[in-house]
1. Residues with beta-carbon under 14 Å from that of M92, excluding M92: net charge, scoring Lys, Arg +1 and Asp, Glu -1?
2. Give the shape of the chain as rounded, prolate or oblate, defined through the alpha-carbon gyration tensor: a ≥ b ≥ c are the square roots of its eigenvalues, a/c under 1.5 means rounded, and otherwise the shape is prolate if a/b is larger than b/c and oblate if not.
3. Work out the length of the dipole vector of the stretch 1-145 about its Cα centre, built from +1 on the beta-carbon of each Lys and Arg and -1 on the beta-carbon of each Asp and Glu, and round it to the nearest 20 debye.
4. If Rh is defined by the Kirkwood formula over all Cα pairs and Rg also comes from Cα, what ratio Rg/Rh do you get for the stretch 1-55?
5. 222 nm [θ] for the chain, helices only, -39500 (n - 2.57) per DSSP H run of 4+, per residue, to 500?
6. Just check the stretch 98-244 against the gyration tensor rule for me: Cα atoms, a ≥ b ≥ c as the square roots of the eigenvalues, rounded for a/c under 1.5, and otherwise prolate or oblate depending on whether a/b exceeds b/c.
7. Would you mind computing, in nm to one decimal, how far apart the modelled labels at A227 and L198 are, each placed 7 Å from Cα along Cα→Cβ?
8. For S264 and D69, what is the calculated FRET efficiency with R₀ set at 35 Å and r taken between the beta-carbons, to the nearest 0.05?
Amino acid sequence: MKAIVNGINMAWDDCGSGPVVCLIHGFPLNRRMWRTQINALAASGYRVITPDLRGFGESDVTDGPYSMDLFADDLAALLDHLGIKSAVFGGMSMGGYVLLNILERYPETAAAACFIVTRSGADDEAGRERRRSLATDVMEFGPKVVADLFAKMLFAEGTAESKPELALEIMGWMEGNDPRGLAGALLAMAGRKDYTALLGGFHLPCLVIGAQQDKAVSGEQIQILAAALPDHKLCIIPEAGHLVNLEQPGAFSNCLLEFLGGLSLKSINRPAPA
């Protein structure tokens with residue numbers, strides 16, 4: 001589906017009916033990363049919204065500047081466009097940074113939160129400089145510089161060799177990005193705030209999912225995030241890296257469904273549009 005949302009032509013998938021779950025993809029990916037979860041959640045009685053963030057997938061690419069505020073504004077506008085008052089939000093990696101912004105600035109829209117291989121802290125100065133440098137490189141040399149770098153970080157050891165078709169598909173997603181979207185998101189991540197001290201104020205049910213072989217987000221960072229949330233469940237999935245939901249889709253979906261099944265979501269039951 002596509003519509004003009006917050007001034008851009010935004011793309012999303014809308015599947016199933018029931019309580020709404022909105023899944024936010026990571027960098028440098030798109031909404032197709034959620035295909036297995038769409039099927040599992042819709043079959044279990046949930047309505048699943050999976051948007052392409054501004055600058056990614058089939059959504060419009062703008063020149064910037066991008067920010068976590070802007071990504072969150074886009075998603076709040078999308079829910080308003082769809083007539084959805086609240087949802088369970090799940091954010092993977094960069095999507096988790098967007099989710100933190102939503103919880104701060106649009107708390108009324110979130111019935112629960114799922115933090116997926118993400119962290120609450122901001123980059124240190126060295127990390128910010130790496131993102132700024134990569135943003136410059138991608139504008140000069142194209143998306144392959146990002147794809148080559150992230151291909152080394154996304155999977156657990158051996159996954160690319162054991163699942164070559166998946167690895168090739170994801171490389172295609174990354175190489176297909178517009179440099180402006182990649183650079184904009186990199187600078188947005190470099191400029192994001194540190195939410196660690198604010199986590200104690202997020203009084204809603206939260207799920208934190210980590211991956212045992214994640215090369216991008218450490219176990220320590222996952223533990224810091226989980227420990228500071230007042231109401232959380234923690235799930236560490238073995239034999240998986242940063243792309244945990246695609247490497248171990250069964251275990252991931254089971255973890256997510258178990259969490260959702262323990263929530264009282266009658267207040268966010270919204271039928272899918274006819």
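Coordinate-derived values only; no laboratory data. Everything quoted here is computed from the prediction, not taken from an experiment. Quick reminder, even Gly has a Cβ in these numbers, built from the backbone with ideal geometry, and neighbours come from all protein chains shown.
1. Details: positive: R31, R32, R35, R119; negative: D52, D214, E247.
Residues near M92 contribute +1 overall.
2. Working: a/c = 1.30, a/b = 1.20, b/c = 1.09.
In terms of gyration-tensor shape, rounded.
3. Working: 14 positive and 18 negative charges, 95 e Å.
For the stretch 1-145, the charge dipole is close to 460 debye.
4. Values: Rg = 11.4 Å, Rh = 11.5 Å.
That ratio equals 0.99.
5. Details: 11 runs with 115 residues, N = 274.
Computed mean residue ellipticity for the chain: -12500 deg cm²/dmol.
6. Details: a/c = 2.05, a/b = 1.34, b/c = 1.54.
In terms of gyration-tensor shape, oblate.
7. 2.2
8. Details: r = 30 Å, r/R0 = 0.86.
Once rounded, the FRET efficiency stands at 0.70.
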